[in-house]
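Below is one structure; the comments refer to it alone.
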Amino acid sequence: MKNKANVVIIGGGVVGCSIAYNLAKKGVKDVVLLEKSYLSSGATGRCGAGVRQQWGTKQNCLLASESMHIFEHFEDVLQIKRDIELKQKGYLLLAYSDKELEQFKKNIEVQHSLNIPSILLTPKEAKEIVPDLNIEKLVGAAYCAKDGHANPFQVTLGYAEAAQRLGVEINKFTEVKDIKTKNDALLGVQTNKGFIECKKVV
């Protein structure tokens with residue numbers, strides 16, 4: 001393990017590993033990632049793995065749309081060989097009040113302005129997609145056929161592999177005990193395996 005780094009990233013889930021990759025891709029040198037257990041051992045490994053573009057703000061839609069583009073072309077973008085098991089079987093959101101349905105309509109307007117192919121459905125149309133759906137109190141639904149889910153472990157490992165190829169050091173089973181500062185200035189990170197002097201911590 002290095003005892004000095006430019007950037008230390010704490011956490012080896014999909015967020016930490018993707019940050020590590022993107023920093024290295026932008027030319028940041030001496031990036032070290034620390035994970036107290038194995039990669040994806042926290043929230044990433046317990047998530048529902050949904051990947052959807054149906055959001056209500058332009059910023060979130062842009063982020064989701066770009067993310068989906070990366071997932072669709074994961075091996076080419078990261079220049080690795082790893083199947084992330086992306087299944088674009090659609091994402092169905094349900095509205096149980098007129099207020100929710102009106103919000104769905106507004107959201108879809110935003111999504112369409114960014115070329116996200118979402119649609120508004122009647123309860124009957126929603127049941128055609130999910131035959132076991134109880135539509136007794138359902139008012140309507142929103143659906144995007146390009147949404148779906150991916151394997152969070154494979155996505156994380158893909159980012160980690162690509163980050164390491166670009167020079168990132170990944171230390172598993174390395175727990176951060178403290179972030180050392182002096183006079184509001186960062187000194188470094190204390191781990192169970194030693195101290196790392198650094199300029200920035202994520």
Open item on the list: So, in region 74-95, how many residues would count as being outside any helix (DSSP H, G or I), farther than 17 Å from Pro152 by Cβ and charged (D, E, K, R)?
Closed with: 1
Open item on the list: Only one of Ile135, Ile119 is β-branched (Val, Ile, Thr), in a loop (DSSP other than H, G, I, E, B), open to solvent by less than 90 Å² (accessible area, probe 1.4 Å) and outside the structural domain of Leu33 (by the TED database). Can you tell me which?
Closed with: Ile135
- [ ] For Met1, work out the one condition from (1) within 25 Å of Lys146 (Cα to Cα); (2) open to solvent by 30 Å² or more (accessible area, probe 1.4 Å) it doesn't fulfil.
- [x] (1)
Open item on the list: Being open to solvent by 80 Å² or more (accessible area, probe 1.4 Å) and part of a helix (DSSP H, G or I) is the filter here; which residues of region 148-202 pass it?
Closed with: Phe153, Gln164, Arg165
TODO: Among the residues of region 96-116, write down those that are among the polar types (S, T, N, Q) and either part of a loop (DSSP other than H, G, I, E, B) or in contact (Cβ under 8 Å) with a residue 60 or more places away in the chain (or both).
DONE: Ser97, Asn115
TODO: Being surrounded by 13 or more Cβ atoms within 10 Å (Cβ to Cβ) and in a loop (DSSP other than H, G, I, E, B) is the filter; apply it to region 51-73 and report the residue that is farthest from the chain's Cα centre (by Cα).
DONE: Gly56
Task: Test set (1) among the β-branched types (Val, Ile, Thr); (2) more than 23 Å from Cys17 (Cβ to Cβ); (3) crowded, with 17+ Cβ neighbours inside 10 Å - Val130 fails condition number - done: (3)
Open item on the list: Step by step: first the residues of region 5-44, then only those that are open to solvent by 30 Å² or more (accessible area, probe 1.4 Å) and in a helix (DSSP H, G or I), then the one that is farthest from Val176 (Cα to Cα). Which residue is that?
Closed with: Lys25
- [ ] Could you check Gly48 against (1) under 11 Å from the mean Cα position of the chain (by Cα); (2) open to solvent by 70 Å² or more (accessible area, probe 1.4 Å) and say which number it fails?
- [x] (1)
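The values are calculated or read from the model by the stated rules, or taken from the named source; none is laboratory data. It should be emphasised that the depicted structure is a prediction, and the values quoted were computed from it without experimental measurement. Don't worry about glycine lacking a Cβ; one is built from the backbone with ideal geometry, like all the others, and counts go over all protein chains shown. With ligands, DNA and RNA removed, areas are computed over all heavy atoms of the protein, side chains included. Shrake-Rupley method; radii C 1.70, N 1.55, O 1.52, S 1.80 Å.
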